[in-house]
Amino acid sequence: MTAAPQTAPLHFDTIDEAIDALRKDGRRLSTARRLVLEALFAADRPVPAQELSDTLEVDVTSVYRNLEMLERFGVVRHVHLGHGPGLYVLVGRREFEYLYCERCATVTPVEVHDLDAIRDEIETRFGLTARFTHFAIVGLCDRCASRRESRKRRASRGPHNDRSQ
């Protein structure tokens, strides 16, 4: 498993600001790297490297290499949602953590500060400083949880109590 870099994110709102931040840090911007940045700005959501490769018609190895470099320098990070591939997202505008429904695959971006109370509780109770930036918090969304409860109630009534008979 690849360790997630803990580089502080560069701050930028536009692709030009991201490019300027990289150049100010002494980083060069290859054509492939610029294409990856443009695709991430266009996506405005976490995307898998394979999708970027397919969209850009660039070898997936080159896409991964550029994503890893951009992650090391605080432009992108990768996140894991459920059992799928790692997804890449820009971090310069705003950084999010994610909630993932394991049944319907709904992804909910959450402002980092909105989970501070949960992080504080984990640290108080268990002595662990929690981060939710690499792995999403996985569970059931409201819609899927209510469907599950409805099925449980129907099952608890049993077939002899089924009103449709």
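Coordinate-derived values only; no laboratory data. These numbers come from a predicted model, not from an experiment. Counting neighbours? That spans all protein chains shown, and the Cβs are built from the backbone with ideal geometry, glycine included.
Quick notes
- Region 62-72 - phi-based ³J(HN,Hα) in whole Hz, Karplus 6.51/-1.76/1.60, Gly and Pro as x: 5, 4, 4, 4, 5, 4, 4, 5, 4, 6, 4
- The calculated 222 nm mean residue ellipticity attributable to helices in the chain amounts to -13500 deg cm²/dmol, summing -39500 (n - 2.57) over DSSP H runs of n ≥ 4 and dividing by all residues.
- Both radii come from the Cα set of region 9-93: Rg as radius of gyration, Rh as Kirkwood radius; their ratio Rg/Rh reads 0.94.
- For region 1-81, applying the loop criterion from DSSP together with a ceiling of 13 other beta carbons within 10 Å to the GluC sites (Glu not before Pro) yields E57.
- Mean separation of Cα contacts under 8 Å (6+ apart) over length of region 1-151, as relative contact order %: 22
- Summed side-chain charge close to D114 - residues other than D114 whose Cβ falls under 15 Å, Lys, Arg +1, Asp, Glu -1: -3
- Beta bridges by DSSP in the chain, antiparallel share as percent, to the nearest 5: 75
- Residues T133, T108, T124 in ascending order of nearby Cβ atoms (within 10 Å, fewest first): T124, T108, T133.
- Potential extension, R157-E102 segment - 0.36 nm per residue separation minus Cα distance: 17.1 nm
- Put in order of Cβ neighbour count within 10 Å, fewest first, the listed residues S146, S62 become S146, S62.
- Cβ-defined net charge surrounding Y64, 15 Å radius [Lys, Arg +1; Asp, Glu -1]: -1
- Rounded to 5, percent antiparallel among DSSP beta bridges of region 95-157: 60
- Charge dipole of region 9-93 about the Cα centre (unit charges at C-beta), most positive-ward option of A42, T14, L52: T14
- Signed unit charges on C-beta, dipole axis of region 95-157, positive-most listed residue S150, T129, L99: S150
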